[in-house]
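Read the structure below first, then the notes.
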Amino acid sequence: MKVSYTIRHIANVIGAEATVLQDAVIEHLLLDSRKIYAPASSVFFALKGPRRDGHQFIGELYNRGIRNFVVSLPQQTENYPEANFLVVHDTLEALQLLTSFHRKQFSIPVIGITGSNGKTIVKEWLYQLLHFDYNIVRSPRSYNSQIGVPLSVWQMNAQHTMGIFEAGISRPGEMENLERIIQPTIGVLTNIGEAHSEGFLSKEHKELEKRKLFTKAQVPAALHIIAVEKSVAGTLIKAFYDTKDNTAISIQIPFTDDASIQNAITCWQVLLLLKVPQEIIQQRMKNLTPVNMRLEMKKGINHCTIINDSYSADISSLEIALNFLEQQAAGHKRTVILSDLLQSATPATILYEQVQLILKKHHINRIIGVGPAITEYLGRLTKEDSELESFFYSGTDEFIHHFRSSHFRDEVILIKGARLFAFESIAQLLEQKVHQTVLEINLTSIIHNLKEYQHCLKPNTKVMAMVKAFAYGSGGAEIAGILQYHKVDYLGVAYADEGVELRKAGISLPIMVMNPEESAFSAIVNDNLQPEIYSFELLRSFDQFLQNEGLQQYPVHIEIETGMNRLGFAADEAEQLADYLLSSPSFRVESVFSHLAASEEKSQDEFTMKQFATFNRATQVLERKLRYPVLKHIANSAAAIRHPDLQLGMVRLGIGLYGVDSAATGLLKLQTVATLKSTVAQLKHLKKGDSVSYNRKYLAEKDTLIATIRIGYADGYPRRLGYGVGKVSVRGKLAPVTGTVCMDMFMVDVTEVPGVEVGDDVIIFGAPLPVQTVAEWAGTIPYEIMTGISQRVKRVYFEE
């Protein structure tokens, strides 16, 4: 049963100055206006971030049924006649106070985990090892921040008998807040590495700060490891524990990598502290399963999109997976294929009632249940639910036996199953069949990069995200979906057909079309796209079209030519342009903009400033004559960072969102978004003098081991990278391209790569081999490499 509080009680706990018109029982904390659930029993905390202020969403939330608000700014209460406002000095502090108070209502064991790496793995493995004995509440995924920890702890209710929570910090002074919220009875430190070290004086300083989580916690006694024996089956670990007779104990785990070994030892210490018998520990350790840290999204059969999370099934991870589905499913049917939820001590009747509520909350159209428990309990609940189409199967084999590909079309499908159910076979049925070369797109990194830029922008500067050229090769609709969810202001595309595709995918953001063609005017208007106007010929043509359609005040974007000499009105045409715009009722100018020619180059800064001055002269004329405000934008990704004064009303972020810092200022910690991968198809042992590939232009100078890679120039790998110019990463080592790049494959010299085998992954570009480096080898720029990846290369999207 969920512990609930009245709004008056909450006001008391957080020390708020309260205007309570009608008391309400609160069960849900709301921080994100996109995730409203049970509005009558929710309270919204208007948090202030570096870019977004929660107070600006109060009107929207009120209209959607929210009546309880914690705010730090005074509100026009007459606009919200039924709202309860709790006014505090700091809304984040109030959130933490409330959840700290909530934690104090429970006397169950609580494990607090911190460290640089491995926190989430240790948390999930402890859950796997202890869920037989306890009803566990734990942090969803890696909710370990100043906001994530309060949301995690708020999940605690009267049914739980243990809590496991992560705590992560990025600067001194933060852990004290998290300790007051988690109040751990057992403390676990995974390790102290180099990750997230920027805010600390040293590694020792970081460890000291992290250990503040354990001020009042019991820390497991040390295990003295005496042997680590790796084999094909896994790893045998032997140790001495704090026993009088110094008898050795051991565990066997099905992993051999060093990180897994260290994480397993950490879990072992916790289980010994909890007095779990050693023979039970041994048995459970053998059955540890990998923790899937990401949700993958792939193209499916019959124009479906598949979200594959076929590794675990519990309430917390189901909620996260459904949030991801919601980001990507705008305008599409939503199907969930779900197995029994095995790792839960909640009674089945209550558990599947919760599942039904969560499915309805996320507007799922169809549920396909696999397993005896979900069939019995959720099957009974959905019989009378006319809004939720439902089908149930006793097991995976039965589902596969009845599978018909025609039953799945034009929808987003979440596959969510406990490992026991082997849902990988279901994923294989639904995924589009393509070859083994894939472009992996990390959606989490896209949002990280967006926030890196936003931290450097002025508070009122809007963001236009460029998703032209298939989002720099990364996939337009998928990228646009995640950017829309995270509330960028505009999207930019090159041609109208790209915008039309985004509208079909459910994208509702304003979309600027940078190259509108006369033949596309109907599509532009039909799909509410906003064209760039760059010449009087185009202006008159679009004006005539709008008049014929009987349309007025249509939004357009005006481009001014300032030195790129590509498209745009000359600055000295501004008077004439303004007069035309005023004479016609067809248009409303949404923005005026220009393109910088060399904003990333310091040697061209004088020219950049000259462009800016020209732009300012033209926009001043337009604003004076139009007599209404328009957005102005000239800064691209590089200029937004190198020239902050050029940010104006909006910036256009392009390749920077995809992890390429063209400004190279060192101010941004961008993450790699796209990783192009293939596999080794075959290995060949060459003798001295043997040739490789077409034209026999490469002859082996010695005995050489050659690997054939499943990618060629038809996939977008440039031919100019042949003959040792380009390299790929195999087993962490660079291997040079050998001979001519073929249409569908090329060969690399792996003589110096120990242990290489057929089927090994090969990184063409990505985290270990930046696309900038590959572009340098090819004598080009990262844009060309990324946008050149063929559409026949499968895109795989994932969120960590």
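The values are calculated or read from the model by the stated rules, or taken from the named source; none is laboratory data. On a predicted model such as this, the values are computed, not experimentally measured, just so you know. In this analysis, Cβ positions are derived from the backbone assuming ideal geometry, glycine residues included, and neighbour counts consider all displayed protein chains. Ligands, DNA and RNA are excluded from the accessible area calculation, which covers all protein heavy atoms including side chains. Shrake-Rupley method; radii C 1.70, N 1.55, O 1.52, S 1.80 Å.
Heads up, I need the accessible area for residue 717: 1.4 angstrom probe, whole protein in place, Å², nearest 10.
We get 10 Å² for residue 717.
Say R0 is 60 Å: what FRET efficiency, to the nearest 0.05, do residue 784 and residue 247 get from their beta-carbon distance?
Plugging the Cβ-Cβ distance into 1/(1 + (r/R0)^6) gives 0.40.
Between residue 679 and residues 5 or more places away or on another chain, which pairs have amide H atoms under 5 Å apart, with H built 1.01 Å from N, and which residues are they?
Amide H to amide H, under 5 Å and 5 or more residues apart or across chains, residue 679 pairs with 710, 762.
Looking at the chain, what % of its DSSP beta bridges pair antiparallel, to the nearest 5?
Antiparallel bridges: around 45 percent, rounded to the nearest 5.
Using modelled amide H (1.01 Å from N, peptide plane; none on Pro or chain starts), what sits under 5 Å from the amide H of residue 162, excluding residues fewer than 5 places away?
The list, which skips near neighbours in sequence, is 135, 137.
At residue 358 and residue 394, where each label point lies 7 Å from the Cα along Cα→Cβ, what is the point-to-point distance in nanometres?
2.7 nm
What list of ³J(HN,Hα) couplings, whole Hz, do you get for segment 248-256 from phi and the Karplus terms 6.51, -1.76, 1.60, once you set θ to phi - 60° and write x for glycine and proline?
For segment 248-256, the Karplus-derived couplings read 6, 10, 8, 9, 10, 10, x, 9, 10 Hz, x marking Gly and Pro.
Within the set of other residues whose C-beta is less than 9 Å from the C-beta of residue 761, count the net charge using Lys and Arg as +1 and Asp and Glu as -1.
Charge balance near residue 761 sits at +1.
Using the Karplus curve 6.51 cos²θ - 1.76 cosθ + 1.60 with θ = phi - 60°, what ³J(HN,Hα) values do you get for each residue of segment 436-441, in whole Hz, with x for Gly and Pro?
7, 8, 9, 10, 8, 10
Would you mind computing, in nm to one decimal, how far apart the modelled labels at residue 425 and residue 383 are, each placed 7 Å from Cα along Cα→Cβ?
Label at residue 425, label at residue 383, 2.9 nm between them.
Counting only residues 5 or more places away or on other chains, whose amide H sits under 5 Å from the amide H of residue 370 once H atoms are built in the peptide plane?
338, 339, 340, 393
Once phi is turned into ³J(HN,Hα) by the Karplus curve 6.51 cos²θ - 1.76 cosθ + 1.60 with θ = phi - 60°, what whole-Hz value does each residue of segment 44-55 show in order, with x for glycine and proline?
Values per residue, Gly and Pro as x: 9, 9, 7, 6, 9, x, x, 10, 10, 10, x, 4 Hz.
Considering only Cα-Cα distances, which of the following residue pairs are longer than 22 Å: 298/504; 677/794; 203/733?
Beyond 22 Å between Cα atoms: 203/733.
Name the shape class, rounded, prolate or oblate, that the alpha-carbon gyration tensor gives for the chain, where a ≥ b ≥ c are the square roots of its eigenvalues, rounded holds for a/c under 1.5, and otherwise prolate holds if a/b is larger than b/c and oblate otherwise.
Oblate.
Loop-only check: which GluC sites (Glu not before Pro) in segment 593-701 are DSSP coil with at most 15 other Cβ within 10 angstrom?
601, 701
With r defined as the distance between the Cβ atoms of residue 79 and residue 572 and R0 fixed at 60 Å, what FRET efficiency is calculated, to the nearest 0.05?
With R0 = 60 Å, the Cβ-Cβ based efficiency is 0.80.
Cut-off 20 Å, label point 7 angstrom out along Cα-to-Cβ of residue 23: give me the residues of segment 32-46 whose amide nitrogen falls inside.
Taking a point 7 Å out along Cα→Cβ of residue 23, the residues of segment 32-46 whose backbone N falls under 20 Å are 40-44.
Quick one: grab the alpha carbon gyration tensor of segment 569-715, order the square roots of its eigenvalues as a ≥ b ≥ c, and give me rounded if a/c is under 1.5, else prolate or oblate depending on whether a/b is larger than b/c.
Prolate shape, in that a/c is at least 1.5 and a/b is the bigger ratio.
When the solvent-accessible surface of protein heavy atoms is calculated with a 1.4 angstrom probe, in what order do 316, 145 fall, highest first?
Largest to smallest exposure gives the sequence 145, 316.
Label residue 688 and residue 34 with points 7 Å out from Cα along Cα→Cβ: what is the distance between them in nm?
Roughly 6.2 nm, to one decimal.
With n ≥ 4 as the cut-off for DSSP H runs, can you work out [θ] at 222 nm for the chain, using -39500 (n - 2.57) per run divided by the number of residues, rounded to the nearest 500?
-9000 deg cm²/dmol
Please give every one of the aspartates and glutamates within straight-line cross-link reach of residue 687, meaning a C-alpha to C-alpha distance under 12 Å, and leave out same-chain neighbours fewer than 8 residues apart.
Within the straight-line cut-off, residue 687 pairs with 701, 703.
Nothing charged except the Cβ atoms of Lys and Arg (+1) and of Asp and Glu (-1): what's the magnitude of the dipole of the chain about its Cα centre? Round to the nearest 20 debye.
1160 debye
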